[in-house]
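Enquirer: Got a structure for you, questions after.
The values are calculated or read from the model by the stated rules, or taken from the named source; none is laboratory data. What you are looking at is a predicted structure, and each value in this text was computed from that prediction instead of being measured. Here the Cβ positions follow ideal geometry from the backbone for every residue, glycine too, while neighbour counts run over all protein chains shown.
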Amino acid sequence: MPTVRRVPAAVVRPLRTEILRPGWTDRLATYDQDETVAVHVAAFREGREVPEGVATVYAEPPPHANRDEIPAAAYGDGASWRLRGMATSDAARGTGLGRSVLEESFAVVRDGGGRFLWCNARLVAVPFYERLGMTAVGPEFDIPGIGPHYVMWREV
């Protein structure tokens, strides 16, 4: 069973960069919110000091373009939080570690007074998020240099 805890941004950046932005520097894979309003989650397998699963969450409403597909309550002040930079090491995939990171991210939202979590999910991650109750909305879209995505959301 992994240990999951909230950590400083510097702890999540190396894995975020390695998995989601290979070839980038940690500086380029840094979000504006990292050191201000974001909460960072990391999962560690037994006996390891380097996280093998990470995520970042912070309050932000879902994209306006999805207003017809996401409950109106999600657009209220502080109601929705955004999930970004969720990454799991190749060695930890399929072990339940990613599930633990996402479940802790749901807890972060609840602890922060939010009710909804949303993200821009890469196509390869859509089935993972669906297994944890998230729903894809809107058309597929491309993030240049990264690839195709869907907006996904869930009430927590």
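Enquirer: Look at the range 109-127 and say how many of its residues are of a type in the set (Lys, Arg) and either within 25 Å of ASP90 (Cα to Cα) or surrounded by 14 or more Cβ atoms within 10 Å (Cβ to Cβ) (or both).
Expert: Matching residues across the range 109-127 total 2.
Enquirer: Also, I was wondering about something else. Give the residues of the range 54-75 that are surrounded by 18 or more Cβ atoms within 10 Å (Cβ to Cβ), among the aliphatic types (A, V, I, L, M) and more than 13 Å from the chain's Cα centre (by Cα), sorted by residue number.
Expert: Once the filter is applied, which keeps residues that are surrounded by 18 or more Cβ atoms within 10 Å (Cβ to Cβ), among the aliphatic types (A, V, I, L, M) and more than 13 Å from the chain's Cα centre (by Cα), the range 54-75 yields ILE70, ALA74.
Enquirer: Follow-up question, since we're still on this one. Say we look at the range 40-53 and pick out the residues that are more than 18 Å from the chain's Cα centre (by Cα) and not charged (D, E, K, R); which of these is surrounded by the fewest Cβ atoms within 10 Å (Cβ to Cβ)?
Expert: Initial filter on the range 40-53 (more than 18 Å from the chain's Cα centre (by Cα)): 45-50.
Next, only the ones that are not charged (D, E, K, R) stay: 47, 50.
Values: GLY47: 5, VAL50: 11.
Among those that are more than 18 Å from the chain's Cα centre (by Cα) and not charged (D, E, K, R), it is GLY47.
Enquirer: Quick check, is SER105 in a helix (DSSP H, G or I), among the polar types (S, T, N, Q) and over 20 Å from VAL151 (Cα atoms)? Outline the logic, then answer.
Expert: Working: in a helix (DSSP H, G or I): yes; among the polar types (S, T, N, Q): yes; over 20 Å from VAL151 (Cα atoms): no.
In short, no.
Enquirer: For the range 7-25, what are the residues that are in contact with a strand residue (DSSP E or B) (Cβ under 6 Å, 6 or more places away or on another chain) and not in a helix (DSSP H, G or I)? Spell out the reasoning first.
Expert: Of the range 7-25, the ones in contact with a strand residue (DSSP E or B) (Cβ under 6 Å, 6 or more places away or on another chain) are 7, 9, 11-12, 15-16, 19-20.
Result: VAL7, single match.
Enquirer: Limited to the range 122-156, what total is found for residues that are farther than 15 Å from SER105 by Cα, of a type in the set (A, V, I, L, M, F, W, C), in contact (Cβ under 8 Å) with a residue 24 or more places away in the chain and not in a helix (DSSP H, G or I)?
Expert: Residues flagged as farther than 15 Å from SER105 by Cα, of a type in the set (A, V, I, L, M, F, W, C), in contact (Cβ under 8 Å) with a residue 24 or more places away in the chain and not in a helix (DSSP H, G or I) within the range 122-156 amount to 3.
Enquirer: Sticking with this one: Can you tell me which residue is surrounded by the fewest Cβ atoms within 10 Å (Cβ to Cβ) among those in the range 76-100 that are within 17 Å of VAL124 (Cα to Cα) and among the basic types (Lys, Arg)?
Expert: This residue is ARG93.
Enquirer: Being over 16 Å from SER89 (Cβ atoms) and within 18 Å of the chain's Cα centre (by Cα) is the filter here; which residues of the range 27-39 pass it?
Expert: LEU28, THR30, TYR31, ASP32, GLN33, ASP34, GLU35, THR36, VAL37, ALA38, VAL39
Enquirer: Can you pull out the residues in the range 66-101 that are of a type in the set (A, V, I, L, M, F, W, C) and touching a helix residue (DSSP H, G or I) at 6+ places or on another chain (Cβ under 8 Å)?
Expert: Those that are of a type in the set (A, V, I, L, M, F, W, C) and touching a helix residue (DSSP H, G or I) at 6+ places or on another chain (Cβ under 8 Å): ALA79, TRP81, LEU83, MET86, ALA87, ALA92.
Enquirer: Would you mind finding the one in GLU140, GLU103, GLU130, GLU155 that is at pLDDT 95 or above, of a type outside the set (A, V, I, L, M) and surrounded by 17 or more Cβ atoms within 10 Å (Cβ to Cβ)? Show your work before the answer.
Expert: Values: GLU140 fails: surrounded by 17 or more Cβ atoms within 10 Å (Cβ to Cβ); GLU103 fails: surrounded by 17 or more Cβ atoms within 10 Å (Cβ to Cβ); GLU130 fails: surrounded by 17 or more Cβ atoms within 10 Å (Cβ to Cβ).
From the options GLU140, GLU103, GLU130, GLU155, the qualifying one is GLU155.
Enquirer: Considering each of ALA121, ALA91, ALA55 in turn, give the residue that is within 26 Å of PRO2 (Cβ to Cβ) and modelled with pLDDT under 95. If you could, list the steps in order and put the result at the bottom.
Expert: Numbers: ALA121 fails: modelled with pLDDT under 95; ALA55 fails: modelled with pLDDT under 95.
Answer to the selection: ALA91.
Enquirer: Provide a single number: the residues in the range 23-39 that are crowded, with 16+ Cβ neighbours inside 10 Å and either hydroxyl-bearing (Ser, Thr, Tyr) or modelled with pLDDT under 85 (or both).
Expert: 3
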